[in-house]
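Report on one structure; see the data block that follows.
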Amino acid sequence: MDIKDVKKVVLLGAGTMGQQISVPCSLAGCEVVIYDINEEALSKAMERIPGIFKGFVLMKKCTQEQADAALNRISTTTDPELAAKEADIINESVPEKPDIKVNIFSQFNKLCPERTIFTTNTSSLLPSMIADATGRPDRFLALHYHDVSITNVVDIMPHPGTSKESIQLVKDFALRTGMLPIMMEKEHTGYVFNYMIGAVFTAALTLKTRNVTSIEDIDRAWMGVTHMPFGPFGLMDSIGLDTMLSYTEFWAEKNDDNHWRKHAQLLRSYVEQGHLGKKTKKGFYDYPQPAFMQPEFLKGIE
């Protein structure tokens with residue numbers, strides 16, 4: 001399959017990342033189908049996606065006419081057979097549980113054409129952990145997106161069994177959809193940026209779980225020195241505290257790390273209340289006007 005043959009992109013999971021990924025793909029002229037088992041999740045996705053397009057228009061990443069046309073290329077379904085039909089590329093953003101990812105890839109392997117390339121947007125797993133279960137390990141790799149509203153960086157991470165042709169096609173697809181591909185030469189937990197920022201998250205969570213200082217002052221320290229518009233806790237809110245919890249719990253158990261279990265306990269205290277961050281309007285901060293965006297948050301710091 002050549003890049004010019006890629007016409008239909010299927011996104012597995014209607015959550016935050018599925019919604020975001022649909023925007024650059026549809027703007028590039030692809031038909032985009034978002035699949036989820038939950039009809040309500042699909043309805044919410046289609047309510048939120050226009051807001052992402054609005055941001056793209058405001059930032060002059062596209063015109064309103066282009067946004068309207070792209071939105072019309074996005075559809076949703078709870079029917080896996082309908083989603084899989086004539087799919088060229090699949091990108092998966094289901095919960096960070098290996099068994100869930102294995103099951104959905106196994107299901108779609110039986111339904112998709114042989115040519116279909118499978119990609120995962122996983123933030124914590126390595127492709128080799130589930131490659132064989134996909135049924136097409138040579139056509140499987142990670143295509144990991146960040147927040148498309150603020151960056152066009154994507155990580156492309158194959159596993160040892162991924163074919164060169166699949167890697168090249170996914171790279172070409174990233175470029176076609178306006179992304180900046182970061183090509184990884186070997187598997188590595190956390191990709192590139194996430195690995196670096198993960199060290200910051202770990203440090204921030206450690207400071208809080210050891211009661212060294214408050215969440216607000218941890219963010220103030222980061223923002224005041226780096227002059228970034230948010231601190232580590234504000235950024236975790238943007239990622240989603242449920243996503244952060246899944247990642248933290250997975251590696252806490254895998255490495256039998258009590259230090260990380262304390263981090264997971266802190267995150268779980270928010271998630272169990274339904275406070276998942278920006279997407280639920282409440283996490284470490286309240287949205288849409290979090291404290292760290294207010295002028296007084298850094299009063300006295302220029």
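The values are calculated or read from the model by the stated rules, or taken from the named source; none is laboratory data. What you see is a predicted model; the values in this text were computed from it and never measured. Heads up, the Cβs are rebuilt from the backbone with ideal geometry, glycines too, and the neighbour counts pull from every protein chain shown.
Here are a few things to note about the model shown:
For every residue, the table says whether it meets (1) in contact with a Leu (Cβ under 6 Å, 6 or more places away or on another chain); (2) farther than 25 Å from D99 by Cα; (3) surrounded by 21 or more Cβ atoms within 10 Å (Cβ to Cβ).
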{"position": "D237", "(1), (2), (3)": "no, yes, yes"}
{"position": "Q265", "(1), (2), (3)": "no, no, no"}
{"position": "Y270", "(1), (2), (3)": "yes, no, yes"}
{"position": "E296", "(1), (2), (3)": "no, yes, no"}
{"position": "K299", "(1), (2), (3)": "no, yes, no"}
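- Filtered by the rule that a residue be at pLDDT 95 or above and either of a type in the set (D, E, K, R) or within 22 Å of V33 (Cα to Cα) (or both), segment 126-147 gives D132, T134, G135, R136, D138, R139, F140, L141, A142, L143, H144, Y145.
- Counting only residues that are hydrophobic (A, V, I, L, M, F, W, C) and in contact with a strand residue (DSSP E or B) (Cβ under 7 Å, 6 or more places away or on another chain), segment 123-166 holds 9 of them.
- Index of the failed condition, I197 passing every other in (1) assigned to a loop (DSSP other than H, G, I, E, B); (2) at pLDDT below 95: (1)
- Restricted to segment 3-40, and to residues there that are over 16 Å from the mean Cα position of the chain (by Cα) and free of Cβ contacts under 8 Å to residues at least 40 places away in the same chain, the residue that is nearest to L180 (Cα to Cα) is K4.
- Residue ID - surrounded by the most Cβ atoms within 10 Å (Cβ to Cβ), chosen from residues in segment 95-125 that are in a loop (DSSP other than H, G, I, E, B) and modelled with pLDDT under 95: S123
- Single match in E249, E253 (criterion: over 22 Å from W222 (Cβ atoms), of a type in the set (D, E), in contact with a Leu (Cβ under 9 Å, 6 or more places away or on another chain) and not in a loop (DSSP other than H, G, I, E, B)): E249
- A single entry from T162, T189 fulfils the requirement of being closer than 30 Å to T116 by Cα, among the polar types (S, T, N, Q) and touching a residue at least 40 places away in the same chain (Cβ under 8 Å): T189.
- Within segment 201-244, the only residue that satisfies the criterion of being more than 18 Å from A291 (Cβ to Cβ), at pLDDT 95 or above and within 17 Å of the chain's Cα centre (by Cα) is F201.
- Some residue of segment 175-188 being assigned by TED's automatic domain parsing to the domain that holds D138 and either assigned to a helix (DSSP H, G or I) or modelled with pLDDT under 95 (or both): yes
- Taking the criterion of being of a type in the set (D, E, K, R) and touching a helix residue (DSSP H, G or I) at 6+ places or on another chain (Cβ under 9 Å), the only residue of segment 184-207 that qualifies is E187.
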